[in-house]
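Here the structure comes first, spelled out in structure tokens, and everything after it is commentary.
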Amino acid sequence: MIPELGHFALILALAVALVQGTLPLVGAARGDGRLMALGSTAALTQALLVVIAFAALTQAYVTSDFSVANVVANSHSAKPLIYKISGVWGNHEGSMLLWALILAVFGAAVALFGANLPDTLRARVLAIQALIGVGFLAFLLFTSNPFERLSPAPADGNGLNPLLQDPGLAFHPPLLYLGYVGFSVTYAFAIAALLEGRVDPAWARWVRPWTLAAWCFLTLGIALGSWWAYYILGWGGFWFWDPVENASLMPWLAGTALLHSAIVVEKRDALKSWTVLLAILAFSLSLLGTFLVRSGVLTSVHAFAQDPARGLYILAFLLTVTGGGLALYAWRAPKLTSSGLFQAVSREGALILNNLLLCTLAATVLLGTLYPLFLDLLTGNKVSVGPPFFNATFVPICAPLFAALCVGPFLGWKRAELWPALQQLRIAFFVSVIAAIVAAVAIDSRSTLAAVAFGFGVWLIVGSLVEFASRLRLGRAPWAESMRRLRATPRAAIGMTISHAALGVVVLGAVATGAWHLEVIQTLKPGEKTRIGGYDITLVRVDNVQGPNYVAERATLDVTTGGRPFTILQPERRLFTVQRRQVAETAIHSDGLRDLYAAMGEGDPNTGWVIRLYLNPLAPWIWLGAALCAFGGFVSLSDRRLRIGAPSRRPAVQAAE
């Protein structure tokens with residue numbers, strides 16, 4: 001009965017979304033306040049109905065209702081409760097229901113917190129959001145029904161993919177979807193602005209918090225997925241340029257550019273058309289990731305739907321949303337005139353450079369991801385575009401981006417001089433050069449490019465701190481005055497400093513782990529030892545252990561340094577009994593500066609077991625930096641100026657008669 005209730009709630013949600021997507025648009029065109037007000041009521045109703053549907057599917061998973069086909073395919077009675085719950089979205093149908101849920105919740109949030117929006121703009125935003133919801137709700141009901149029944153019901157289910165039975169993967173999809181779907185709101189604002197033919201500083205201030213929230217969640221989602229790949233897959237790395245990894249990186253890059261360009265619209269009433277275009281592209285790239293995961297056009301550990309019919313639906317929806325948005329943009333964007341004028345050397349110019357480089361990075365990732373697919377489609381030839389291509393193209397573009405990142409905040413609006421800004425950053429420059437030299441001489445003289453990249457990471461950290469110290473006049477004003485300035489500093493500025501410096505932390509961790517890690521792969525029998533980076537590792541024993549829904553071989557590794565005990569590592573090789581699939585469970589000892597990483601491979605008592613050991617310097621900094629990046633975004637989001645409308649510009653004062 002409850003699954004039928006969830007199915008019926010989805011049908012009602014589709015009907016409400018159709019009403020929300022049409023009548024408020026008519027009301028905005030006619031100036032009918034009653035029809036426009038209908039959008040908010042419909043948005044709240046739609047969200048409630050999708051919540052009911054999602055709760056019904058969750059109940060089916062928690063109670064192991066094997067009369068529901070989706071539960072049979074992705075759950076098992078022996079699974080721990082946390083994985084029964086995460087199994088709701090650990091499959092195609094459930095993940096799309098989660099997407100529809102987040103989409104509806106974002107629409108309800110616009111209805112609840114958009115009271116300061118003009119009535120016509122709010123009505124159009126809610127209508128566009130609802131039309132996107134119509135596409136996903138129809139997709140669920142007609143191609144991916146999560147409530148389909150089985151008769152007779154089997155005694156038990158097939159279980160969840162063992163790779164997904166991990167706490168990190170329990171939270172990774174919701175965070176990632178909050179980022180993806182969050183950009184639907186910026187898309188709706190962009191389409192609404194094009195329909196109204198008006199983009200102004202107030203519009204930019206309304207768009208910024210939604211962009212910032214989506215960017216923060218997407219940052220956390222990407223970081224959590226990277227951490228999962230690091231400690232579950234057992235290969236010692238954190239990013240492989242997998243096509244589905246790239247699919248999440250592209251909207252993040254476009255969203256970062258959108259976040260910065262919206263500042264120019266708000267502060268200087270410039271870059272209007274460009275900002276609207278970025279809002280359309282950011283959500284379009286999010287939909288592209290959905291298509292790649294669910295179309296069956298690629299094979300990945302992240303892809304879990306191989307149905308071409310579903311892929312064709314998503315492709316048609318992607319072309320409709322992107323093509324329709326770009327067609328409207330081509331028609332209406334020329335009318336969006338900007339009044340802000342500025343010179344090339346100015347803060348506006350620095351933000352434009354930032355945007356161009358970020359979009360070039362996104363285009364590079366897009367090319368490397370889609371080229372093999374198009375080549376296979378057109379010629380049948382299969383090529384692999386992997387880390388060598390991306391490292392050779394992505395990294396050189398990052399260099400000027402990082403170089404300019406710290407300079408921009410020192411430049412004034414409208415016009416500025418470059419040399420005074422560079423002089424204020426001389427301490428950051430000297431510190432970063434010294435760091436690069438030390439890295440090249442003391443760590444590895446053959447890795448010159450890695451040392452230069454390490455210097456850029458230090459540049460980002462020190463440059464951001466220098467800019468913040470300059471804002472507070474630290475060392476140039478009395479301490480009490482600096483503290484007064486700190487209290488008066490907008491939270492958006494504090495968040496910017498945190499995020500920019502945190503990006504430097506990520507760069508340091510990624511460079512050190514990628515360029516200076518150590519790796520040892522050796523077959524060991526109990527009592528035998530090996531050595532890595534000053535650590536002696538002895539295989540003490542291998543035990544058979546029983547888990548809740550798996551059996552495992554667990555190696556006990558005794559780690560010593562200088563003859564003194566250091567730690568015990570216990571990697572496992574798990575066999576999930578339902579799916580008959582093996583998964584590595586790594587063991588990692590981290591002191592904040594390096595990870596000692598162990599993974600267990602195949603073996604037996606006669607020949608020994610394959611043990612993979614990695615020593616990854618500064619690896620924890622990758623995820624610490626990503627968390628700080630998102631934290632800086634949330635600090636900026638708490639700035640009260642983002643919750644009120646932008647002040648209108650005063651007209652120029654005419655000369656007295």
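Each reported figure results from applying straightforward, stated rules to the coordinates on display, with no laboratory input. Bear in mind that the values here come from a model prediction, so they are computed numbers and not experimental data. Every residue, glycine as well, gets a Cβ built from its backbone with ideal geometry; the counts of neighbours run over all protein chains shown.
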Practice problem: Work out how much length residue 441 to residue 493 would gain on full extension: take 0.36 nm times their residue separation and subtract the Cα-Cα distance, in nm to one decimal. | Solution: 15.1 nm
Quiz item: Residue by residue through the range 64-71, which ³J(HN,Hα) values in whole Hz follow from phi under the Karplus form 6.51 cos²θ - 1.76 cosθ + 1.60 (θ = phi - 60°), with glycine and proline marked x?
Solution: 6, 7, 7, 7, 9, 4, 5, 5
Quiz item: Between residue 449 and residue 518, what is the FRET efficiency for a Förster distance of 25 Å, r being their Cβ-Cβ separation, to the nearest 0.05?
Solution: 0.85
Practice problem: Sort the following peptides by mean Cβ neighbour count (other Cβ atoms within 10 Å, averaged over residues), highest first: 185-193, 508-516, 478-486. | Solution: 185-193, 508-516, 478-486
Exercise. Work out from phi, with θ = phi - 60° and the Karplus expression 6.51 cos²θ - 1.76 cosθ + 1.60, the ³J(HN,Hα) of each residue of the range 590-603, listed in order in whole Hz, and give x for Gly and Pro.
Key: 10, 10, x, 10, 7, 10, 9, 10, 10, 10, 9, x, 6, x
Self-check item: Karplus 3J(HN,Hα) series, Hz, for the range 409-421 with 6.51 cos²θ - 1.76 cosθ + 1.60 (x for Gly, Pro)
Solution: x, 7, 8, x, 5, 6, 8, 7, 10, 6, 4, x, 5
Practice problem: Relative to the compact-globule scaling 2.2 N^0.38 Å, provide the ratio for the alpha-carbon radius of gyration of the range 1-163. | Solution: 1.17
Quiz item: What dipole magnitude, in Debye to the nearest 20, does the range 390-500 give about its Cα centre under +1 on Lys/Arg Cβ and -1 on Asp/Glu Cβ?
Solution: 520
Self-check item: Net lengthening on full extension, residue 115/residue 551 (0.36 nm per residue, minus Cα-Cα)
Solution: 151.4 nm
Practice problem: Compute log10 of I(q)/I(0) for the range 142-207 with the Debye formula, placing one identical point scatterer on every Cα and leaving out solvent, at q = 0.21, 0.27, 0.28 Å⁻¹, to two decimals. | Solution: -0.99, -1.12, -1.14
Quiz prompt | Cα principal axis extents for the range 77-215, largest first, Å | solution = 59, 31, 20
Self-check item: Nonlocal Lys pairs with alpha-carbon distance under 29 Å, the chain (8 or more apart, or different chains)
Solution: 5
Exercise. Taking the dipole about the Cα centre of the chain, with the C-beta of Lys and Arg at +1 and of Asp and Glu at -1, give me whichever of 141, 331, 388 is farthest to the positive side.
Key: 331
Practice problem: With a point put 7 Å past each Cα toward its Cβ, work out how far residue 315 is from residue 403 in nm, to one decimal. | Solution: 4.2
Self-check item: Matching label, Rg and Dmax of the Cα atoms in Å computed from the structure shown, candidates (1) 24.4, 84; (2) 26.8, 102; (3) 26.5, 84
Solution: (2)
Quiz item: Around residue 386, with a cut-off of 12 angstrom between Cβ atoms, what is the net charge of the other residues, counting Lys and Arg +1 and Asp and Glu -1?
Solution: -2
Quiz item: How large is log10 I(q)/I(0) at q = 0.22, 0.23, 0.27, 0.28 Å⁻¹ when the Debye formula is applied to the Cα atoms of the range 193-261, each weighted equally and without solvent?
Solution: -0.94, -0.99, -1.16, -1.20
Quiz item: Considering the dipole of the chain built from charges on the beta carbon (Lys and Arg +1, Asp and Glu -1) around the Cα centre, which of 53, 320, 497 is farthest to its positive end?
Solution: 497
Quiz item: What FRET efficiency would be calculated for the residue pair residue 331, residue 26, taking the C-beta separation as r and a Förster radius of 25 Å, to the nearest 0.05?
Solution: 0.80
Practice problem: Enumerate by residue number the trypsin sites (Lys or Arg not before Pro) in the range 572-624 meeting two conditions: DSSP loop (anything except H, G, I, E, B), and at most 15 other Cβ atoms within 10 Å of the site's Cβ. | Solution: 580
Self-check item: the range 551-606 - Debye-derived log10 I(q)/I(0), Cα point model, q = 0.19, 0.21, 0.24, 0.30 Å⁻¹
Solution: -0.74, -0.84, -0.97, -1.19
Exercise. Work out how much length residue 544 to residue 48 would gain on full extension: take 0.36 nm times their residue separation and subtract the Cα-Cα distance, in nm to one decimal.
Key: 173.8 nm
Quiz prompt | residue 360/residue 525 FRET efficiency (R0 41 Å; Cβ-Cβ; nearest 0.05) | solution = 0.20
Quiz item: Do the sum for the chain: with -39,500 (n - 2.57) for every DSSP H run of n ≥ 4, divided by all residues, what is the mean residue ellipticity at 222 nm, to the nearest 500 deg cm²/dmol?
Solution: -21500 deg cm²/dmol
Self-check item: Relative exposure of 496, 96, 1, judged by other C-beta atoms within 10 Å (fewest first)
Solution: 1, 496, 96
Practice problem: Within the set of other residues whose C-beta is less than 13 Å from the C-beta of residue 227, count the net charge using Lys and Arg as +1 and Asp and Glu as -1. | Solution: -3
Exercise. Count charges around residue 162 for me, please; just the other residues with Cβ under 11 Å from its Cβ, Lys/Arg as +1, Asp/Glu as -1.
Key: +2
Quiz item: If you build the Cα gyration tensor of the range 518-619 and take the root of 5 times each eigenvalue, what three semi-axes come out, in whole angstrom, biggest first?
Solution: 24, 16, 11
Quiz item: Exposure proxy check: 274, 413 ranked by fewest other beta carbons within 10 Å?
Solution: 413, 274
Quiz item: Sorted from fewest to most neighbouring beta carbons within 10 Å, what does the list 235, 419, 621 look like?
Solution: 419, 235, 621
Quiz item: Between residue 594 and residues 5 or more places away or on another chain, which pairs have amide H atoms under 5 Å apart, with H built 1.01 Å from N, and which residues are they?
Solution: 618
Exercise. Would you mind computing, in nm to one decimal, how far apart the modelled labels at residue 638 and residue 150 are, each placed 7 Å from Cα along Cα→Cβ?
Key: 4.8
